[in-house]
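The values are calculated or read from the model by the stated rules, or taken from the named source; none is laboratory data. No experiment lies behind these values; they were computed from the predicted model shown. Neighbour counts are summed over all protein chains in view; Cβ atoms, including those assigned to glycine, are modelled from backbone coordinates with ideal geometry. Just so you know, the surface numbers come from the protein's heavy atoms only, side chains and all, with ligands and any DNA or RNA stripped out. Shrake-Rupley method; radii C 1.70, N 1.55, O 1.52, S 1.80 Å.
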Amino acid sequence: MSNFFQMYKEKLTTAEGIADLIKSGYNCASPICMGEPTDILNAIASRVSRGEISGIKTNGTLVFPGKDYLKPEFSGKFDCLSWFFGPGTRKGGQDGRIDYFSVNYSEFPRVYDLRNDLDAVFMVVSPMDEHGYFSTGPYCGESLSMLRNAKHVFLEVNKFLPRTFGENFVHISKVEALCENDEPIIELPVTPPSETDQKIGEFIAEMVPNEATIQIGIGGVSGALGKALSGKKDLGVHTEMFSDAMVELIECGAVTNEKKTIHKRQSVSTFCFGSKKVYDYLNNNPSVLMLPVDYVNDPYIIAKHDKFISVNAGLEVDFFGQVCSESIGYIPFSGPGGQFDYVKGAKMSRGGRSFISMPSTAKGGSISKIKSVLASGASITSHKNEVDCIVTEYGVAELYGKTIRERTKALINIAHPKFREELTFEAKKMNILI
Ligand code: COA
């Protein structure tokens, strides 16, 4: 048995054994959804419930339900600090129980480095190789910054986690203790794109040139684009999130990565979220590089790619071109993620374009997502001077380089027809249209 397997045996304990090493007041962190160890966190929550420890904090992004500490009774004893509200934390954020960081995704590692205040990091990893390395699997993101800033490193080894390649490895020598938990990893259900998403996907696809390098964000349009782009040639992938759409585009031959300006012949990503099909595709696949988010989402790195095309979703946009994608009024909904990183990077890329997509209406068609002014308190995710194209099922409004009047006209043209008269009236009231 190699020395590393001996070390593994010596460090192997249970989730409860790891929880026993956590002290009151610890500031902890975990990667997103499938990287956040359920067993360890629930074992810590049990100790908190028994009154053995308190004042624990854990930093998390896109946290999914299933962890006891998310229950309201843990408030003040075991708290989550959110970096992006996910299904497990959104309600807590809206109720004020869960505080959050407002940071572009590319800068998460920078903030961990600046704060340098982590006591412990907990991570799900794939099984160790013969050299003593664990892969962080579908999540890289800010993992390395957590590891370099944490005093104690604890792992939950899951044989179902795909083994991926890039800058995403933890060595057994850095680990204090580990446990094993082979629970199935979280999957994002694949739902067929709606008719609206299909139309949006087709409008965007018309503007994507062959040989472009693409980033596609989370949401319904992602699936639609997977289909709409299938006729393109020699696309490349450089994306925050690697998803089912990317696998479809690779399998149908539209993505070859051959013409990328950098990282030729490889897809680059910082995390993956999708169905089992995507996790299977990633497993032991050297053609997908998982790199830290401060590299992947760095606008200067994005801009190094010629013809960079970025596609993300928004919640609402106003006549000025200000895009809110993270709150409903002042009520938090998600987070900025990497949206602005890509809007900025695509703008700086030679031949690059960025698209913010949204259905023209929300709440069963009762409200327009194109507004004269954003809802009171809405967070601006993408600044008006950086936003390029807004897309709805009625077309594309090209805003960059346009006056406010031109922007307003272009946006009203892609609003739902039943709101166009009202929007025109508002624009006249504001002296934007005369
Ligand atoms: N006013 C009020 N409510 C609105 C609204 C608006 N303008 N727009 C949407 N909503 C409601 C919807 O009706 C829906 O409510 P419901 O769940 O009760 O039906 C909810 O808000 C979510 O809207 P939806 O359009 O379904 O959101 P989504 O799941 O497609 O996500 C974003 C869209 C913008 C929230 C998401 O893409 C995001 O968080 N983006 C920011 C981060 C980012 O872009 N990262 C980049 C790469 S991954």
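Quick notes on this one:
- Scope the stretch 245-266; condition outside any loop (DSSP other than H, G, I, E, B) and within 19 Å of Leu291 (Cα to Cα); matching residues: Met246, Val247
- Residues located in the stretch 369-399, provided they are in a loop (DSSP other than H, G, I, E, B), of a type in the set (S, T, N, Q) and either within 14 Å of the ligand (Cβ to nearest atom) or open to solvent by less than 50 Å² (accessible area, probe 1.4 Å) (or both): Ser372, Ser376, Ser379, Thr381
- Check on Asp318, within 12 Å of the ligand (Cβ to nearest atom) and either touching a residue at least 60 places away in the same chain (Cβ under 8 Å) or over 18 Å from Ile204 (Cα atoms) (or both): yes
- Taken as a whole, the structure places Ala224 among residues that are of a type outside the set (Lys, Arg), in contact with a Pro (Cβ under 8 Å, 6 or more places away or on another chain) and either assigned to a strand (DSSP E or B) or in the same structural domain as Ile309 (by TED's automatic domain parsing) (or both).
- The lone exception for Ser360 - which of (1) open to solvent by 60 Å² or more (accessible area, probe 1.4 Å); (2) within 12 Å of the ligand (Cβ to nearest atom) it fails: (1)
- Helices (runs of 4 or more DSSP H) contained entirely in the stretch 26-130, each with at least 3 residues that are under 22 Å from Gly338 (Cβ atoms) and free of Cβ contacts under 8 Å to residues at least 60 places away in the same chain: 108-115
- Summed over the stretch 106-123, residues that are open to solvent by 10 Å² or more (accessible area, probe 1.4 Å) and either within 13 Å of the ligand (Cβ to nearest atom) or under 24 Å from Asp280 (Cα atoms) (or both) total 1.
- Search result, residues across the stretch 72-93 that are open to solvent by less than 40 Å² (accessible area, probe 1.4 Å) and more than 26 Å from Gly51 (Cβ to Cβ): Trp83, Phe85, Gly86, Gly93
- Count of the stretch 271-306 residues which are outside any strand (DSSP E or B), closer than 19 Å to Phe134 by Cα and open to solvent by 20 Å² or more (accessible area, probe 1.4 Å): 7
- Residue count for the stretch 336-353, restricted to those that are under 16 Å from Asn385 (Cβ atoms) and within 11 Å of the ligand (Cβ to nearest atom): 5.
- Residue among Gly66, Gly60 that is surrounded by 22 or more Cβ atoms within 10 Å (Cβ to Cβ), under 26 Å from Met128 (Cβ atoms) and of a type outside the set (A, V, I, L, M, F, W, C): Gly60
- Residues considered: Ser366, Ser327. Of these, the only one that is surrounded by fewer than 22 Cβ atoms within 10 Å (Cβ to Cβ) and within 10 Å of the ligand (Cβ to nearest atom) is Ser366.
- Exactly one residue out of Glu176, Glu202, Glu130, Glu183 is open to solvent by 50 Å² or more (accessible area, probe 1.4 Å), closer than 30 Å to Gly395 by Cα and more than 22 Å from the chain's Cα centre (by Cα), and it is Glu202.
- Considering residues of the stretch 185-207 that are out of contact with any Phe, Trp or Tyr (no Cβ under 6 Å at 6 or more places or on another chain) and part of a loop (DSSP other than H, G, I, E, B) only, the residue nearest to Pro138 (Cα to Cα): Glu187
- Meets criteria (more than 9 Å from the ligand (Cβ to nearest atom), crowded, with 24+ Cβ neighbours inside 10 Å and assigned to a strand (DSSP E or B)) for Ile309: yes
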